[in-house]
Amino acid sequence: MSSPASVAPILMALDTATDRIHAALSVGATVHALDLPGGAQASASLLPALQGLLRQAGYAWADVDAIAFGRGPGAFTGLRTTCSVTQGLALALGCPVIAIDTLMAVAEHARLAAPDALAAGEVIWVLQDARMDELYVGAFRWDGAHWQVEQAAQLWSLDEPLHRWAPDGVMQAGVRWAGNALRAYPDRLAVLHPAQWAPHGEPAVPGGQALAELAQRAWQRGDTLDAALALPLYVRDKVAQTTAERQAAKAAPQDASRA
């Protein structure tokens, strides 16, 4: 581990809250990041991927000062994977952990893609696919140096952003959002398109560079936790539909066409 205060900390950061593995190893301004398929593969791929980051940067696990993890909200299995790997590594290394809001990481990814497009005081909403016709939603205000939580993570129905921002079918001015909601529901959320912040035409994600930036700021503030507190953030108690609910959802369009 880097001990002198003048030495840049070596921080590992990871997030598997989505269907991708996002991770980074940062040492000061130098960031080694990766983006790999996740989902069911995450539990088997994550550790080798992190080991690869260390090897690429020329470091060993013993050099790591802290491990930052995306606590969610996100996929149940993905959050469990991130938290269990973070806990295991941090306990073995005797280092602290840093909790990162996955939705804030999405906002940071969008900001990094166009840093001059966001003025101090502006708010960006994050809308992430939560499946089951729902969205993980949060809002963050950029103060010029850090993000402030404007709206803590919530679970919304697909209709909620339409009711709030486009009650007459036209998107209200002044709303800016990022995330993968439109990709997941292109027809039902099409009215939100004008307000989407999509870096390079692609939805913002909790990417490695964004995770590294948030981890470094948290480290500078002293926002570290004991490894035992590497816990996921859940905003949904129910993580899957019942068989009856899935069958009803499949039958709904068919029933509607008969009406």
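Residue count for the stretch 14-32, restricted to those that are assigned to a strand (DSSP E or B) and closer than 15 Å to Val85 by Cβ: 7. The residues listed here are Ala107, Ala139; of these, the one that is under 16 Å from Ala218 (Cβ atoms) and small (Gly, Ala, Ser) is Ala107. Of all residues being buried (at least 21 other Cβ atoms within 10 Å of the Cβ) and at pLDDT below 95 in the stretch 22-45, which is nearest to the chain's Cα centre (by Cα)? Just the residue, please. Checked the stretch 22-45; the qualifying residue nearest to the chain's Cα centre (by Cα) is Gly38. Restricting the stretch 185-235 to residues that are among the aromatic types (Phe, Trp, Tyr) and in contact with a Phe, Trp or Tyr (Cβ under 9 Å, 6 or more places away or on another chain) leaves a set whose member that is farthest from His32 (Cα to Cα) is Tyr234. As a summary of the residue check, Met12 satisfies the conditions (1) closer than 14 Å to Glu213 by Cα; (2) crowded, with 22+ Cβ neighbours inside 10 Å; (3) over 16 Å from the mean Cα position of the chain (by Cα) except for the one numbered (3).
Being surrounded by 14 or more Cβ atoms within 10 Å (Cβ to Cβ), over 24 Å from Trp197 (Cβ atoms), among the basic types (Lys, Arg) and not assigned by TED's automatic domain parsing to the domain that holds Gln151: is that true of Arg71 here? Write out each step before concluding.
Numbers: surrounded by 14 or more Cβ atoms within 10 Å (Cβ to Cβ): yes; over 24 Å from Trp197 (Cβ atoms): no; among the basic types (Lys, Arg): yes; not assigned by TED's automatic domain parsing to the domain that holds Gln151: yes.
The answer is no for Arg71.
When we screen Ala184, Ala166 for residues that are assigned by TED's automatic domain parsing to the domain that holds Glu134 and over 19 Å from the mean Cα position of the chain (by Cα), the only hit is Ala166. Of all the criteria given as (1) β-branched (Val, Ile, Thr); (2) over 15 Å from the mean Cα position of the chain (by Cα); (3) not assigned by TED's automatic domain parsing to the domain that holds Asp129, the one not satisfied by Val235 is (2). What about Ser84, is it surrounded by fewer than 16 Cβ atoms within 10 Å (Cβ to Cβ) and of a type in the set (Gly, Ala, Ser)? It is true that Ser84 is surrounded by fewer than 16 Cβ atoms within 10 Å (Cβ to Cβ) and of a type in the set (Gly, Ala, Ser). Could you tell me how many of the residues in the stretch 172-202 are modelled with pLDDT under 95 and in a loop (DSSP other than H, G, I, E, B)? Result for the stretch 172-202: 6.
Given the residues Gly144, Gly222, which is the only one that is of a type in the set (Gly, Ala, Ser), in the same structural domain as Ser26 (by TED's automatic domain parsing) and at positive phi?
Values: Gly144 fails: in the same structural domain as Ser26 (by TED's automatic domain parsing).
Only one candidate passes the filter, namely Gly222.
For Gln148, the stated conditions hold: it is assigned to a strand (DSSP E or B), of a type outside the set (A, V, I, L, M), modelled with pLDDT of 95 or more and exposed (fewer than 14 other Cβ atoms within 10 Å of the Cβ).
The values are calculated or read from the model by the stated rules, or taken from the named source; none is laboratory data. Note that the coordinates shown come from a computational prediction; the quantities given were computed from them, not determined experimentally. With ideal geometry, Cβ positions are generated from the backbone for all residues, glycine too; neighbour counts draw on all protein chains shown.
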